[in-house]
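What follows is a set of notes on a single structure, which appears directly below.
The values are calculated or read from the model by the stated rules, or taken from the named source; none is laboratory data. Please read these numbers as outputs of a predicted model, since none were measured by experiment. Positions of Cβ are backbone-derived with ideal geometry, glycine not excepted, and every protein chain shown enters the neighbour counts. To get the accessible areas, we keep the full protein, side chains included, count just its heavy atoms, and leave off ligands, DNA and RNA. Shrake-Rupley method; radii C 1.70, N 1.55, O 1.52, S 1.80 Å.
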Amino acid sequence: MKKRRLRPDEIELWNQIAQSADPLLNRPKAKEPEPARKVAEKLAHPEPAPKPVLSAFAMGEKAVRKTETHVFPKSTSQRIKEDPLNMDNKAFSRMKRGKLVPEARLDLHGLTLDQAHPELIRFILTSQARGMRLVLVITGKGSRENPYDPMPRRRGVLKTQVPQWLRMAPASQAILQVAEAHQRHGGAGAYYVYLKRLR
């Protein structure tokens, strides 16, 4: 078969197409298909996902700032001082200065919690029934802490527990005010208990 020569209009059309086409040398080469072994390895050990880029920040910039960073439990003395005043202000002032003399006293030294609780309740209710207004409950300050004790223990278990018992029924209905005693009546190791009048 004999080759045919291109006509001039075909040559012109070819030149137009050739100018608009990109040469193959500048094009990226098509990737050859990977062997099945390499594909299996990639599936078994996938590449880790790229880590997200974090914007710049300062440590604690979004933290809520509090003025008080530590909360310490209040002592028994502090809690009693914060109790509302239920009795006459003048009488309370005289009582705190040791000017009022207690009409009866109960010494809980040497008693266990199980022994001290019923003894305290009996004493408060009996004192109110006899018409007394001010009584003294002696708890002691508690034994000193042993520095060699492997487990720290709270000092003065009765000193801590007695005010709580006085806030609970049946003693609470007979009591108007509880305050730490003046130094002449035992100081921090005793409590004044001001009783309500029995009606």
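Structural remarks
To keep it simple, each residue is scored yes or no on (1) open to solvent by 100 Å² or more (accessible area, probe 1.4 Å); (2) under 30 Å from G189 (Cβ atoms); (3) at pLDDT 70 or above; (4) assigned to a loop (DSSP other than H, G, I, E, B).
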{"site": "D22", "(1), (2), (3), (4)": "yes, no, yes, yes"}
{"site": "L43", "(1), (2), (3), (4)": "yes, no, yes, no"}
{"site": "G60", "(1), (2), (3), (4)": "no, no, yes, yes"}
{"site": "T67", "(1), (2), (3), (4)": "yes, no, no, yes"}
{"site": "L85", "(1), (2), (3), (4)": "no, yes, yes, yes"}
{"site": "R94", "(1), (2), (3), (4)": "yes, yes, yes, no"}
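- Count - residues of the stretch 107-133 that are under 19 Å from A169 (Cα atoms), open to solvent by less than 30 Å² (accessible area, probe 1.4 Å) and not hydroxyl-bearing (S, T, Y): 6
- Screening the stretch 179-199 for residues that are farther than 18 Å from F123 by Cβ and part of a helix (DSSP H, G or I) and picking the one that is least open to solvent (accessible area, probe 1.4 Å) gives G187.
- Put simply, of P152, P170 the only residue that is assigned to a loop (DSSP other than H, G, I, E, B) and at pLDDT 90 or above is P170.
- Looking only at residues of the stretch 69-83 that are assigned to a loop (DSSP other than H, G, I, E, B) and open to solvent by less than 90 Å² (accessible area, probe 1.4 Å), we find that the one that is modelled with the highest pLDDT is D83.
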